[in-house]
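The values are calculated or read from the model by the stated rules, or taken from the named source; none is laboratory data. Every value quoted in this text rests on a predicted model; they were computed, and no experiment measured them. Because the Cβ atoms are built from the backbone with ideal geometry, glycine has one as well, and the counts that use them run over all protein chains shown.
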């Protein structure tokens, strides 16, 4: 349950539900950008948040593309849902999906210095996600699907 202070500090709330397709990431990026402008986030921090959310969504979409489709898909349990929350002192982006989970907190990130020489199939995106947000929280297989929360302080 959220505290009274948590609930009262919400100044803006936008929900998006998009298909798990890369072509829809443009809508997500534009929504993040608009919320950042509305909240007064600096251009630099806004770009960081936009890149982190874009990388997280792209990773989720990639994993969902390789997942086995359910026999009778439920439209409510498809796609990627995002809650964009503007608070007094931060922006919170919540991502929900029903595909195979990816633990963004536990997976190993690749440092950019090592990335060019690395022959393994590991993405640089996790480095961007972890370094460009102030807080990251992940829960697999919740009642509402896999849950990832990214927080950027104003």
* helices (runs of 4 or more DSSP H) (entirely within the range 1-113) containing at least 1 residues that are within 15 Å of the chain's Cα centre (by Cα) and at pLDDT 90 or above -> 25-39, 43-65
* Determine the pairs where a residue that is closer than 13 Å to residue 61 by Cβ, located within the range 82-102, has a partner that is at pLDDT 95 or above and surrounded by fewer than 22 Cβ atoms within 10 Å (Cβ to Cβ) with Cβ atoms under 6 Å apart, the partner being 6 or more residues away or on another chain. => 82/16
* Cβ pairs under 7 Å, 6+ apart, first in the range 38-57 and closer than 25 Å to residue 79 by Cβ, second modelled with pLDDT under 95 and in a loop (DSSP other than H, G, I, E, B) -> 56/104
